[in-house]
Structure formats: C-alpha cells, structure tokens
Amino acid sequence: MNPHGQITFLDVGQGDSIFIRMPYNQGNYLIDTGGVMPFEKEKWQQRSSQYDPGKKIVVPFLKSEGVRTVDKLILTHGDADHIGGAVALLEEIRVKQLIIPRVSDRSVLEEDIIQLARKKGTDIYVAGLGTGWTTAGGEFMILNPSVTVGERNDQSIVLLAAIGGKKWLFTGDLGIEGENSMARKIKDIDIDVLKIGHHGSKYSSSEFFLERTNADFAVISVGENNRYGHPGEEVIKRLEERGMQIFRTDEDGAIIYRFKDNSGTFTTHLP
C-alpha cells in the first residue's frame, strides 16, 4: 500500500487534464481528459484521423501508473479541449463515477459522453455548489456552478481540494465574471495552489479573484504556440506582481506534486 499521493497536471497541449492519486489507494480522480477544439478546415487540411490526447497521452499515462480504474471522472464543462479524450478513456479504463456540472444546456459531445458512460455502467452524478466528498487523506468541495443557466465557461465545475498539506482550486475554464460571482458567494476561499482558469486567458484571473484566493502557486495548462495567445501577458504580469510561482505545461511539461501526509514537493517532467 503506497503511502504517497500525487497530483499530475498532464501536458495535453491546449487543454486540461489533471490526475489525482490519493495515498493508500483511497481514490483515483481525473479532472478533464484533454481534447482538440474542432475548426473548419479545407479537405486538404483534414487528417484521416483526428489527434486525440485522451488516447495518445491520458490513457497511456494512467496505464503506466498502473491505474485500471478511475473512481471519479470530473468533466468540468462541455468544451472539446477539456472532455474530447473522455471517449477513449471510457473505452479503455473503468470509470466508476462520472461527475458533470448541473447545467441546462449541454454540448453534443457532452451528451454523447454521457450516453457512452451509461452504456459502460458508469454512475452519473450531476454536481453543483455545495456538493463534494471526503477520504481519509483529503476533502473535496464543489464551489461552482451555482445556477443552471449561463455562459458555458462560467458554469465550469470548480473543485476546492485539501490534499497533501495544501489547498487547491481547480477552475476549469472559469472566466472573470464567473470568478467574481463565485468569490462573492464563498467566504473562505484562501488557497495555496490555483489552477489558472481558461488556460491563462486575459478574460480570467482578475485582480479581485487573485486577491481573494491568495495562492502561492499558479498552474497554467496551455498548448505551445497556441492560436489564442494564451496565456495573456496581462495575466502573467498579475501573477508575477503577487510573487506567485508559475508552472505552465507549454514550458515545463507535466507538473507533478508528490506528497506524503501533509508535505510534498513539485517537480516538472518534459515529454
């Protein structure tokens, strides 16, 4: 029985995928699966098979870690760069429970994944503000969404976790409006590690939100030379001015926090 736990921000390019492994086999949790956003292309530009980070990166990583079962797969919202790899995952790895946001409007891809999960016998849980779970080694609380309608990014599942002696906030693609709304509703949101929302877009990580969360570490999951210009220079400047240590997958590769009890260390791993 392994006393160590691990949080790994996988390098899936322009997307998100975060694996949490609790000590003593208390739980394997995956937040998003990476994926590729669809764009209109001319026939000569189209590949015969679309690159799938879920199949090429996430599933091989899990298997290399000896993971055959994911206890909770948390899909923060319906965008393809966060959930596109879920199909490959469900086909090759047993998923006990799928957690999706409590929203009224879902993407077609999201609906397809839900149907596949049902077919595979996966329990489906619709989560919103105030739901969560605990293990012997950690506490998990969902802080968003609080309403069922709105802009998809701002309805992302936001997960607050106390693991390995640190408090973590996993934000999906939350933008400034969603950040500020959540920060006003939640009294105690002081954390240690912030997963920067929306890949470091200039429309996220406002000064107000950074002040409320007061994190020491920032993790940006972002693709190298991406077409959006993420992360925004304004965001990086705000993080640096606050003295935060910045990790980013386009420069550092995978970002790993390995811990035992209440202490741990960060390392990076280039592909």
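Observations
- Each residue was assigned an accessible area with a 1.4 Å probe, and for residue 251 the value is about 110 Å².
- Net charge dipole, the chain: roughly 820 debye, given to the nearest 20, about the Cα centre with Cβ charges of +1 for Lys and Arg and -1 for Asp and Glu.
- Fraction of accessible area attributable to carbon and sulfur, the chain (%, probe 1.4 Å): 46 percent
- 4 °C / 1.567 mPa s Stokes-Einstein diffusion coefficient of the chain, Kirkwood radius on C-alpha pairs, µm²/s: 70 µm²/s
- Distances between every pair of Cα atoms in the range 97-203, grouped in 10 Å steps from 0 to the bin holding the largest one, split as 14, 43, 33, 9, 0 percent.
- The residues of the range 136-267 expose on average 44 square angstrom of accessible surface per residue, using a 1.4 Å probe on protein heavy atoms.
- Fraction of alpha-carbon pairs over 24 Å apart in the range 173-269 - percent: 22 percent
- When the chain is described by a simple charge dipole with +1 on each Lys and Arg Cβ and -1 on each Asp and Glu Cβ, the residue from 259, 60, 24 located farthest towards its positive end is 24.
- A straight chain from residue 69 to residue 147 at 0.36 nm per residue would run longer than the Cα-Cα distance by 25.0 nm.
- Since only 86, 155, 247 are under comparison, the one whose Cα sits farthest along the positive direction of the charge dipole of the chain, derived from C-beta charges on Lys, Arg, Asp and Glu, is 86.
- Per-pair calculated FRET efficiency, R0 = 22 Å: residue 258 and residue 185 via Cβ, rounded to 0.05: 0.10
- The stretch between residue 123 and residue 214 holds 29.2 nm of extra length on full extension. This uses 0.36 nm per residue minus the Cα-Cα distance.
- Amide H contacts under 5 Å for residue 27, placed H, 5+ residues apart: 22
- For peptides 20-26, 180-186, sequence by mean Cβ density within 10 Å, most packed first: 20-26, 180-186
- Distance (nanometres) between label positions extended 7 Å along Cα→Cβ at residue 270 and residue 108: 4.0 nm
The values are calculated or read from the model by the stated rules, or taken from the named source; none is laboratory data. Predicted model, so just to flag it, every value in this text is computed and none were measured. Cβ sites come from the backbone with ideal geometry, for glycine too, and all protein chains shown count toward neighbours. Protein only, heavy atoms only, side chains kept; ligands, DNA and RNA dropped before computing areas. Shrake-Rupley method; radii C 1.70, N 1.55, O 1.52, S 1.80 Å.
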